[in-house]
1. Has the range 351-362 got any residue that is more than 20 Å from the chain's Cα centre (by Cα), under 19 Å from Asp68 (Cβ atoms) and outside any loop (DSSP other than H, G, I, E, B)?
2. So Val198 passes all but one of these: (1) out of contact with any Gly (no Cβ under 8 Å at 6 or more places or on another chain); (2) within 16 Å of the ligand (Cβ to nearest atom). Which condition number does it fail?
3. Being closer than 30 Å to Lys278 by Cα, under 17 Å from the mean Cα position of the chain (by Cα) and modelled with pLDDT of 85 or more, is that true of even one residue in the range 107-119?
4. How many residues are hydrophobic (A, V, I, L, M, F, W, C) and farther than 23 Å from Leu91 by Cβ when one looks only at the range 264-294?
5. State the number of residues belonging to the range 100-132 that are surrounded by 15 or more Cβ atoms within 10 Å (Cβ to Cβ) and more than 10 Å from the ligand (Cβ to nearest atom).
6. Only one of Arg330, Arg320, Arg360, Arg371 is modelled with pLDDT of 90 or more, not aliphatic (A, V, I, L, M) and not assigned by TED's automatic domain parsing to the domain that holds Ala65. Can you tell me which?
7. Considering only residues that are modelled with pLDDT of 85 or more, of a type outside the set (Phe, Trp, Tyr) and within 16 Å of the ligand (Cβ to nearest atom), which ones fall in the range 136-166?
Amino acid sequence: MERNSDVDDAFGSRADDARDPAPAAVSRPASSPRPAKPRVIENHDAYPFAAIVGQDEVKTALMIAAVDPSVGGVLVFGDRGTGKSTAVRGLAALLPERKVIAGCPYACEPGSSSVSTCPHCSLSGTPGKAATARIPVVDLPLGATEDRLVGALDLESALARGEKRFEPGLLAKANGGFLYVDEINLLEDHLVDLLLDVAASGRNVVEREGLSIRHPAKFVLVGSGNPEEGELRPQLLDRFGLCVEVSTPREIKDRVEVIRRRDAFERDREAFAAAWSKDTAKLRRRIVAAKARLAALDVSDAVLEAAARLCLALGTDGLRGELVLVRAARAFAALDGADAVGLGHLRKVAPGVLRHRLRRNPLDDTGSGVRIERAVAEILP
Ligand SMILES: [Zn+2]
């Protein structure tokens, strides 16, 4: 299904979010003017991450990825109308700032190895000045062209001045940040292949129209989708470190709170954001502190062994499950402010890490959630 990327709005939500009945989904009043289309999700208009009721697993998974991007991407699965994208869009305002080289369209980090190979920084002679910028959350709209994703020849300067210039795409903007694909299970196959290539190499290579460009493109892939609307290819599923499920709250008091906050947000976004700004800042400090303590956190043999036993009991393929389990548990322990990674941290992250790694057992149609619960209860009592 093709979609016009023009329907993106300032909240990064799409026009059809309007028919999304979810109280938790970001939607824009029909009467407000359509802003110019931004490619980076704007901070101030998104529903504050801190104000999201429940959805602990999604919130934790995104914070884990923010603390340690090497955990891999985050896949958010849920039915239509569960507000899957709200937390992802709220993340943009939560992320800390980073140092970049001013003017570099690929946002090179000063002193990093990418500077010497970056098409901008390596050609400019003197290294650019350092500047601070927010870690970006870039939206890849469904229906986006390959040119928009990877970048293309800048036609305007080619036609007007005869210059062959490269117009960087979304992959350049996402470097060092997050790339978000809503309804990722509907993404066209050739774009999926492209994402897999770039995600694996951390580099975007464009060789066409007489252009030959390579630039750094390291990002955390975040996808959301409805499992009933199409399956994900195993290679893509494997790119995600964590897979979390979202559902509409079942408790009346939670539903009431969702509506109350959503209503307040829609009535006065600025006031709502201001009311939650302290909580937002607190969460941001927690991410910054966790990033700082990550390197010092040891993982004991007991935790490593428990991770291995869990994966063995569930029959996950290869060793990737264990690796992600350990990294996610360490990032979660860092967020927790703990001095060491404990079995409790492992227990907390296990469902998200393992849910999408279980092989189907034709003799046992028990859901993956139940199987993981059983194995966790047995191995991590
Ligand atoms: Zn650069």
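The values are calculated or read from the model by the stated rules, or taken from the named source; none is laboratory data. Just so it is clear, the model here is predicted, and its values are computed rather than measured. Reconstructed Cβ throughout: ideal geometry from the backbone, glycine too, with neighbour counts over all protein chains shown.
1. From the range 351-362, those more than 20 Å from the chain's Cα centre (by Cα) are 358-362; that's our starting set.
Pick out the ones that are also under 19 Å from Asp68 (Cβ atoms) and you get none.
No, the range 351-362 contains no residue that is more than 20 Å from the chain's Cα centre (by Cα), under 19 Å from Asp68 (Cβ atoms) and outside any loop (DSSP other than H, G, I, E, B).
2. (2)
3. Our first condition is that a residue be closer than 30 Å to Lys278 by Cα; within the range 107-119, this holds for 107, 109.
From the residues that got through so far, the ones that are under 17 Å from the mean Cα position of the chain (by Cα) too are none.
No, because not a single residue in the range 107-119 is closer than 30 Å to Lys278 by Cα, under 17 Å from the mean Cα position of the chain (by Cα) and modelled with pLDDT of 85 or more.
4. First, the residues of the range 264-294 that are hydrophobic (A, V, I, L, M, F, W, C): 264-265, 271-276, 281, 283, 287-290, 292, 294.
Remaining after also requiring farther than 23 Å from Leu91 by Cβ: none.
Residues flagged as hydrophobic (A, V, I, L, M, F, W, C) and farther than 23 Å from Leu91 by Cβ within the range 264-294 amount to 0.
5. Adding up the residues that qualify gives 1.
6. Numbers: Arg320 fails: modelled with pLDDT of 90 or more; Arg360 fails: modelled with pLDDT of 90 or more; Arg371 fails: modelled with pLDDT of 90 or more.
Only one candidate qualifies: Arg330.
7. Step one: of the range 136-166, the residues modelled with pLDDT of 85 or more are 136-152, 166.
In the following step, the residues that additionally are of a type outside the set (Phe, Trp, Tyr) were identified as 136-152.
Selection gives Pro136, Gly151.
Yes or no, residue by residue, for (1) among the hydroxyl-bearing types (Ser, Thr, Tyr); (2) at pLDDT 90 or above; (3) surrounded by 24 or more Cβ atoms within 10 Å (Cβ to Cβ):
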residue	(1), (2), (3)
Ala36	no, no, no
Asn43	no, no, no
Ala51	no, yes, no
Ala66	no, yes, yes
Ser70	yes, yes, no
Gly73	no, yes, yes
Gly78	no, no, no
Leu91	no, yes, yes
Leu95	no, yes, no
